[in-house]
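The values are calculated or read from the model by the stated rules, or taken from the named source; none is laboratory data. Small disclaimer: the values here were computed from a predicted structure and weren't measured. Don't worry about glycine lacking a Cβ; one is built from the backbone with ideal geometry, like all the others, and counts go over all protein chains shown. Heads up: the accessible areas ignore ligands, DNA and RNA and are worked out on the full protein's heavy atoms, side chains in. Shrake-Rupley method; radii C 1.70, N 1.55, O 1.52, S 1.80 Å.
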Amino acid sequence: MAHLFLAIAFIVSAALSAVAYFVLKTPYDPALLMLATLTGCISLVALCFSNVLDRQSKLRKQLELKNEQQRILLEHDSSALMLLDKYFNLELLNIHHASIAKFQNNSSSDNLLVNIWRDNVPEETRKLIRQTLSDKRTWRGELRFGDLHKDEYIAATITPILDDDGELSRIAICAEDISEHKAIVDRLFIREHYNVLTGLPNRHFALRALQSSIKDVESADHGFILIHIDLDRIRYINDSLGHQVVDKIFIETSERLRRSVHDDQILAHLGADEFLIILNTENCTNEAEILAETLLDRCREPFYINHHEVNISASLGLCKYPDDGADGAILMRRAEAAMFNAKEKGGDRFSFFEEGMSSETERRLEMENHLRHAIERDEFKLYYQPVIDLASNKLRGVEVLLRWQNVELNNPGPDQFIAVAEQSGLIVGIGKWVLEHACKQIVTWSQAGMPPLSVAVNISAKQFIDGDIVENVRYALLQSGLPASQLELEITEGLLINDTPEIRDTFAQLKALGIHLSLDDFGTGYASLSYLKRYPFDTLKIDRSFVHDIDKCNDSVTLTNAIIAMGHSFNMTVIAEGVENLHQRRILRERHCDMVQGFLYSPPLPADQFVAWAKRYAEMQISQHV
Ligand code: C2E
Ligand code: MG
Ligand code: MG
């Protein structure tokens, strides 16, 4: 180019010098003329040339910038991009893109695509993609890569690029790494279908498995059995030892159950202390009974957790497909109903579902709904049962017993509704109401001229743990003006099953208020004698089941005798519950029992009737009729 410009400059300057010398007849030396014009031309040419070069360099820079920008854009695009010719040869690839780099390993960029295509895309998918492209349509889908250790996934869009004649000229591939997203989806799936604590399939999974078991056996001529397992007394352990211990029990239980079932049987952890087994076998009933016994044995084995030996048991409910229901959800409800039946019989056993059991479960739910509104609808009434001093025959106090007037539910007794109130947590509010009203009633009677009575209020373990019992007692005393020494809290042995510093501290705070503490239903629960030493009880109440046959059974006499002696050795006042006849009273008096209560004197009475009873009793005492 430069040569051409120089040649042109030389010719032009020669022509100009010739014109000046020969045509214009200038007197200058032709050589000088030639030199001057040549210099001018070369300068002119150099000027033009530098302009051209300048423009070219600018264009080149622009191009380079554009290339750089495109490169950056490609490398930082969220997708890996590839351009292939119509024979699938790679033309362009953003080779530095993270997801491409991931697959690169040892492959060079040239054979990278070939390798991915050959090694990772299944033959069927390859065929489908080819067909879609030859139909001149875009293929979109997910492709799975990876090795034994880790799965990688991409979402790919493969688009045919057509030339002016509508024929395939190139192929554009846009691939996005969705491995992370897939991993999250997988984790969500696991969370949705497995119990996080034990790793066992959860309720959701169990329900699906149940539906597919139903499908599987529809063609076969046998059914299957569902076993609902619920651990007994977990609430007490949770209340006293805390949920970490309970969690360990669940993990250990799941292991024990896992070892008890075959691989082809489904074991699920429905949540909290509930497990489920789908027993798919031809000889259902027989095998289920054997398995149920084994499972009960496994749950009875002691758990050793954080230096505690914890003993629990389980209640099992069994139902059969197709006899007890055709649908998974119904079967699960029925197995649960059968489990409740086993629990109501005392737990540590199994029950098969029978007609009428479901209604029990449903009744519990209905009861809970009614209980929620019982206080605001003024449905609770307090009844008072006299407690009599055996030596003097004097009325010493009352036990407050809650009554629920709910016509729709046929006025359920405390034996029915207290358990529901405890399970739902409603007992905390109900118990507070009982405490406040009972204290007020005693003060009202004192003000009306009755002799000062002690009042015993039943307290649930749940109130003790979840509710602020110390604060509630302090408030009830303050609000009513009842002297603390007249209030007694009745606590059942269940609360003490696992003795913790928190419970002991609450006991100490209650004692510091000046109230009395009474151990109710002694002999029925799990309390060991050591509790009597460890806790500051003032009173021990012998359960009415002992008193019931004290007049017929020597064994009961011996036991009652021992309990009274033991209570006294701990400086406790001993009260016998459920005294119904004079014979029972005589035996108790001979054994130096301190106080009694029971139908012999009076059943629990509403406040006004109790006042009338107390008047009559005082009159009878004066005339020595008692
Ligand atoms: P408990 O505290 O052991 O109450 C004594 C139960 O024995 C009462 O049953 C009473 O009516 C009954 N009873 C009294 N004397 C006799 C008798 O001579 N023979 C017979 N067969 N029974 C007698 P009730 O009122 O049905 O209460 C049952 C249980 O419900 C109570 O047992 C107590 O554990 C619970 N409960 C009652 N009221 C409350 C309350 O306000 N809060 C809490 N947490 N539990 C309560
Ligand atoms: Mg009681
Ligand atoms: Mg009792």
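Being loosely packed, with under 14 Cβ neighbours inside 10 Å and modelled with pLDDT of 80 or more narrows it down to one residue among Arg118, Arg130; which is it?
On the way: Arg118 fails: modelled with pLDDT of 80 or more.
Answer to the selection: Arg130.
Number of residues in the range 337-350 that are open to solvent by 50 Å² or more (accessible area, probe 1.4 Å), assigned to a helix (DSSP H, G or I) and in contact (Cβ under 8 Å) with a residue 60 or more places away in the chain equals 1.
A search for C-beta distances below 6 Å between a residue of the range 125-143 that is in the same structural domain as Ala175 (by TED's automatic domain parsing) and any residue that is in a helix (DSSP H, G or I), counting only pairs 6+ apart in sequence or on different chains, returns Trp139/Ile129; Trp139/Thr132.
Let's see how each residue does on (1) in a strand (DSSP E or B); (2) under 22 Å from Thr198 (Cα atoms):
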position: Glu218; (1), (2): no, no
position: Leu257; (1), (2): no, yes
position: Thr285; (1), (2): no, no
position: Tyr304; (1), (2): yes, yes
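For every residue, the table says whether it meets (1) modelled with pLDDT of 90 or more; (2) more than 16 Å from ligand 1 (Cβ to nearest atom); (3) part of a strand (DSSP E or B); (4) not basic (Lys, Arg).
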| position | (1), (2), (3), (4) |
| --- | --- |
| Pro451 | yes, yes, no, yes |
| Phe464 | no, no, no, yes |
| Ala476 | yes, no, no, yes |
| Ile491 | yes, no, yes, yes |
| Leu495 | no, no, no, yes |
| Lys511 | yes, yes, no, no |
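So which residues in the range 485-508 are within 16 Å of ligand 2 (Cβ to nearest atom) and either among the acidic types (Asp, Glu) or under 32 Å from the mean Cα position of the chain (by Cα) (or both)? Answer for the range 485-508, where residues must be within 16 Å of ligand 2 (Cβ to nearest atom) and either among the acidic types (Asp, Glu) or under 32 Å from the mean Cα position of the chain (by Cα) (or both): Glu488, Glu490, Ile491, Thr492, Glu493, Gly494, Leu495, Leu496.
Can you pull out every residue in the range 187-203 that is in contact with a strand residue (DSSP E or B) (Cβ under 9 Å, 6 or more places away or on another chain), part of a helix (DSSP H, G or I) and without any contact (Cβ under 8 Å) to a residue 40 or more places away in the chain? Show your work before the answer.
Our first condition is that a residue be in contact with a strand residue (DSSP E or B) (Cβ under 9 Å, 6 or more places away or on another chain); within the range 187-203, this holds for 193-195, 197-203.
Right, trim to part of a helix (DSSP H, G or I) and you get 193, 203.
Once the filter is applied, which keeps residues that are in contact with a strand residue (DSSP E or B) (Cβ under 9 Å, 6 or more places away or on another chain), part of a helix (DSSP H, G or I) and without any contact (Cβ under 8 Å) to a residue 40 or more places away in the chain, the range 187-203 yields only His193.
Per this entry, Ile542 is not counted among residues that are touching a helix residue (DSSP H, G or I) at 6+ places or on another chain (Cβ under 6 Å), more than 13 Å from ligand 2 (Cβ to nearest atom), open to solvent by less than 60 Å² (accessible area, probe 1.4 Å) and not polar (S, T, N, Q). Looking only at residues in the range 411-421 that are without any contact (Cβ under 8 Å) to a residue 24 or more places away in the chain and near ligand 1 (Cβ under 8 Å from one of its atoms), the one that is least open to solvent (accessible area, probe 1.4 Å) is Gly413. Of all the criteria given as (1) modelled with pLDDT of 90 or more; (2) surrounded by fewer than 22 Cβ atoms within 10 Å (Cβ to Cβ), the one not satisfied by Ser358 is (1). Of everything listed in (1) surrounded by 20 or more Cβ atoms within 10 Å (Cβ to Cβ); (2) within 16 Å of ligand 3 (Cβ to nearest atom), the single unmet condition for Ala476 is (2).
For beta carbons closer than 9 Å, sequence separation of 6+ or different chains, a first residue in the range 393-410 that is free of Cβ contacts under 8 Å to residues at least 60 places away in the same chain and under 13 Å from Phe610 (Cβ atoms) and a second that is among the small types (Gly, Ala, Ser) and part of a strand (DSSP E or B), the qualifying pairs are Val400/Ala456. When the range 567-609 is examined, which residues are found to be more than 16 Å from ligand 2 (Cβ to nearest atom) and farther than 26 Å from Val557 by Cα? Within the range 567-609, Pro606, Ala607, Asp608, Gln609 meet the criteria.
Here the range 453-462 is the region considered, the condition is being within 13 Å of ligand 1 (Cβ to nearest atom) and touching a residue at least 40 places away in the same chain (Cβ under 8 Å), and the residue that is nearest to the chain's Cα centre (by Cα) is Lys462.
Look at the range 595-606: where a residue is farther than 20 Å from Thr539 by Cα and at pLDDT 95 or above and a partner is in a loop (DSSP other than H, G, I, E, B) and within 13 Å of ligand 3 (Cβ to nearest atom), sitting 6+ places away or on another chain with Cβ atoms under 6 Å, you get Leu600/Val579. Looking only at the range 195-205, decide whether some residue is modelled with pLDDT under 85 and closer than 30 Å to Glu274 by Cα. Within the range 195-205 (the criterion being modelled with pLDDT under 85 and closer than 30 Å to Glu274 by Cα), the answer is yes, since at least one residue qualifies. Of all the listed residues (Ile575, Ile542), the sole one being of a type outside the set (D, E, K, R), closer than 24 Å to Gln441 by Cβ, within 16 Å of ligand 3 (Cβ to nearest atom) and in the same structural domain as Ser460 (by TED's automatic domain parsing) is Ile575.
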